[in-house]
Amino acid sequence: MAARNWNGNAQSTNDVWTATIGGTLTVGNIIRVIRSDKTFAYTLATTTAATECTAFAAAFNAIDRNIYPELAEYTAAANGSTVIFTAKTAGLPATLSVSNTGGSLTWSITNTVAATGPNFWDNAANWQ
């Protein structure tokens, strides 16, 4: 087998996480997004998922970068009953998690596009 050489040619992609709200929403339920030791909490004001995702995304995008520098590395966009978090810097991975309180509300998150790029050992495009 021929030796493979590192070339670092992989295209950088942004880390993308998708959070989905479901179950029974109740005014006063709290949803949170967490990165490292920073938690951003939002209290639901209505029982409509799309309305709350839009309001959550707007509040998240308005966070103080000095208080939440880890979370401020992402932007949020609402899409129906989901909130899509996209890293501002391509090739920068992170782990986001969520939690919630109240009733039968569900709030889950999935890493829908993993960050990658020229600094990732496991990306085949970096090898020739």
Accessible area of segment 1-119 divided out per residue, in Å², using a probe of 1.4 angstrom: 51 Å²
Convex hull of segment 3-107 built on C-alpha atoms - directionally averaged projected area, nm²: 8.3 nm²
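Any idea what % of Cα-Cα pairs in segment 52-128 are farther than 20 Å?
Values: 1244 of 2926 pairs.
The answer is 43 percent, as a whole percent.
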Tilt relative to the chain, helix 49-61 - C-alpha long axis, 0 to 90 degrees, to 10: 60 degrees
Reference-scaled alpha-carbon Rg (2.2 N^0.38 Å with N residues) for segment 30-92: 1.10
Assigned charges on the beta-carbon of Lys, Arg, Asp, Glu; the chain dipole about Cα centre (debye): 80 debye
Amide hydrogen neighbours beyond the local backbone of Asn29, cut-off 5 Å, H modeled: Leu44
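The values are calculated or read from the model by the stated rules, or taken from the named source; none is laboratory data. As the structure is a computational prediction, the values presented were derived from the model and not from experiment. Neighbour counts are summed over all protein chains in view; Cβ atoms, including those assigned to glycine, are modelled from backbone coordinates with ideal geometry. Please note that ligands, DNA and RNA were not included when accessible areas were found on the heavy atoms of the full protein model with its side chains. Shrake-Rupley method; radii C 1.70, N 1.55, O 1.52, S 1.80 Å.
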